[in-house]
Structure formats: C-alpha cells, structure tokens
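For reference, the structure is listed below as structure tokens.
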Amino acid sequence: MKTGIIGCGNIADIYFSNSIKYFNNFEIVACADIKPEASKHYANIYNVENLTIDQILNNEEIELIINLTIPDVHFEVSKSIIQSGKHVYSEKPLSIEFHHGKKLLELSRQKNLYLGCAPDTFLGAGIQESKKILSNNKIGNIVLGSISMGVAGHEIWHPNPDFYYQYGGGPVLDMGPYYFTALVNLLGSAKNVYSQSRTVYNKRVIGSGERKNQQIKVDIPTTLVSQIEFENGTLVDSFFSFDIWKHNKNHIELYGDLGSINIPDPNTFGGSIQLCTEKNGEWKTIETNENNLGKINVENSKKTNEKPGIANYRGIGVSEMVDSIKNNRINRCNGELSLHVLDILDTIIKSAKEDKKLELRSSVSAIEYFSEEENFKLLK
C-alpha cells in the first residue's frame, strides 16, 4: 500500500528505515511537514517525494498517511487525513483530549476508513508471551498489579524539550500509552481512576543542543500517582514521573491468586519475563528473544547492531493495519483501543486536578493474540 508521512521530526527516521528493512506490505512514497526543510531532509535520505501538506492529502496514489506530528496537533492532522479519504495511523497519543479522540473514531467509522495509533510495542514478544501466560491461567485470576515509569526528565537529552512540560505533555501522556496499551491488552477495559499529582521543579535546564543551559518553565504536573480499577476487578497502582533521578521499580507486575508475573518494559518489543508460581518462591526467567519480533531481533542482531529484546520494530502496527484493511478485519492498534487508552490518560490527569475518583467513559473489545505466523507474514 502506498503510504505517506506527515510530520518529519526525530521519530520519522525509524518509520522510514523499518519500512524498508522489515515490512512487505506498505511503501512510504512521500512525506510532508509544516517546515519544508524537515520533509526535504527525509525525502533526500530515503528518495521519496517531498510534498506540501495539501499535496500529500490530495495525492490519489497514497491510501494511508502516518501522522508523526507533535501530540498537540494529532487531532487536527488526523482529522484532515480522514476527511481527505485516507486511512490514518497516528503516533501516540491519539489526541490530547478525549472528546477529540472520540470525534476521530466517529469520523473514521462514518468514512469507512481505518484509524490506527501507536504504540505497537505490545505486538512484540514481551507482551504477547505474557498474554499467553495469563491466558493459560499460569498465575490464576489477576487481582492486583503495579506499574512504574520514572526518569529525571527529557531535557537531559532532548534539544527542544519544551512541549514535555506544557499542556499536552507530562509523563502520563508521553509514556502512559505504552503501559496502558499493554495493560488493556492483558486485562481488558479499565473502570475508574483516582490520582494525585506533584510538580517538583518549576524550571528545567536544557542539557544538549544549541539551547544548552537555557531554562524552560514547567506548566504541568510532572509526577502522577494513581489507583486504577479494571472491569475484571484488578486493582493497579500507577506511578509516572519526570522527577526521579534513579529507581529500581519494575515496569509492570501483575499478581494473581496462583502466582506473580514481572512483564518487560512495554516501550520495547521483547525482554525477559519473570514468573513465580510458588508462595515466596524464586522467580523463573522466560526469555522472549526467540518469539515473535524478538526472533527477528536475534536473526538480524549482527546486521542491525541491536541487542535481543531491545530492538526497535516500530511500524509493525502500520503493517498489521494494512493487512487488516486487505483482509477486512479489525486492526489490533485500532481506534477503539487507542481511545480507551486516551480515556485512561485523560482521566488520570483530571482526577488529580479534581482530587476525586472518576469513572471511565469508554471500553474496548478484547484484543486477539498476535501469533508468530501472522507476524512473519508481514516481513520481508
């Protein structure tokens, strides 16, 4: 399928390169950006057309557009793509406002077009093998859980980190999609949320690039601590922070009535799962490097210089969506899932502002296991 990209920032490179290296059913033929020099840069590197926004939207050859703009404009750009009669796959989050995400889903259904959204990391071996373990009742009924993401701040490495600390930024909207997409895939829909928040530093100092040592103002909460109840009864504590210098908390742990599971970083495609099925027993390590996308990692590790379990296969969500379009089935990184994840993120932030428990406004259908056979079908 002929595909275009709108938004040519840092993340665009991995979509271009992975589409060439790994996937067999879509081809990126053009790109556009509000800054012509940005799209020209990638057009020259990858030998694709450098178009204006209007040109790429009106190009009849292009059937799908990947929206890689900043989160604050995800809604407007995705809406324009759908209105132009094209399928859209957006970087996360779907939007920064729940009601805008809902409009996108409604519009895509009206137009009979596919709406997809990152992250697609949950299609990798780490989450999919964990899903199989839970489905096989290895740790029984899941009753409790804990998720954690803490860093010292993106200003350490990002040359223009301002948007992380303004409306539409923050740790939940930035990193929450990885964790909650994985959790919803494993547990189903969330039911309600109660959150509290803190802003530890009012200013941040840029650590790299042309603006190094420049201070930027922090306008939003940078730590959010939440309690989330899922429809299946699971109670999960959630911790997201840009204020943590260092920590040793696990990314995702789920506790069943027959055991516990430690799930790999949902921002990667593989990694080690730890499983305990005896009271006070030892962790058993299960490597996912031989499964799904992790297997591709092992086979290509010398060629790509990527370590097993850490390789970046972003774009598998686009490829899986193209396959779903051709076979008339629901894509796994679908609009319903992305809207529910956005609902969780938005409700966490609102709950902290209002200091009360809030009910979710959406739910999502069960997401099917992504088998190795389906995975390999999409690969070169």
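Peptides 69-82, 257-270 ranked from most to least packed, by the mean per-residue count of other Cβ atoms within 10 Å: 257-270, 69-82.
In the range 340-375, whose amide N lies under 19 Å from the spot 7 Å out along Cα-to-Cβ of Lys138? List them in ranges. Counting only backbone N, you get 368-373. GNM remark for the chain: springs join alpha carbons under 10 Å apart, and the peak mean-square fluctuation among Ala118, Ala352, Ala366 falls on Ala366.
Listed by chain and number, the lysines whose C-alpha is less than 16 Å from the C-alpha of Lys279, apart from same-chain residues fewer than 8 away, are Lys138.
Holding the Cα-Cα limit at 18 Å, pick out from Lys79/Lys191; Lys79/Lys111; Lys79/Lys103; Lys132/Lys191 the pairs that are longer than that. In this structure, Lys79/Lys191; Lys132/Lys191 lie more than 18 Å apart at Cα.
For Lys40, the lysines whose Cα falls under 20 Å of its own Cα, not counting residues fewer than eight places away in the same chain, are Lys2.
About its Cα centre, the dipole of the chain is roughly 300 debye, where the only charges are +1 on Lys and Arg Cβ and -1 on Asp and Glu Cβ. Put in order of Cβ neighbour count within 10 Å, fewest first, the listed residues Ser108, Ser338, Ser324 become Ser324, Ser108, Ser338.
Report for the chain the percent antiparallel among DSSP-assigned beta bridges with both residues inside it, nearest 5.
60
Does the chain come out rounded, prolate or oblate, given a ≥ b ≥ c as the square roots of the eigenvalues of its C-alpha gyration tensor, rounded meaning a/c under 1.5 and, failing that, prolate meaning a/b above b/c? Rounded shape, in that the Cα axes give a/c under 1.5. Counting beta carbons within 10 Å around each of Leu134, Leu144, Leu183 and listing the fewest first gives the order Leu144, Leu134, Leu183. As a rough footprinting exposure proxy, the listed residues Ile220, Ile349 were ranked by other beta carbons within 10 Å of their own, and the order from fewest upward is Ile220, Ile349. Overall, the range 2-117 carries a charge dipole of about 320 debye about its Cα centre when +1 sits on the Cβ of Lys and Arg and -1 on the Cβ of Asp and Glu, all other atoms neutral. In this calculation the C-beta distance from Ala152 to Asp237 is compared with R0 = 25 Å, giving a FRET efficiency of 0.70. Length available on full extension from Lys249 to Thr52: 0.36 nm per residue minus the Cα-Cα distance, which gives 66.4 nm.
Give me the percent relative contact order of the chain, please, defined on Cα pairs under 8 angstrom at least 6 residues apart. This gives 20 percent for the chain.
Values quoted throughout were computed directly from the atomic coordinates according to the rules given, and no laboratory measurement underlies them. Computed from a predicted model, the values in this text were never measured in an experiment. Positions of Cβ are backbone-derived with ideal geometry, glycine not excepted, and every protein chain shown enters the neighbour counts.
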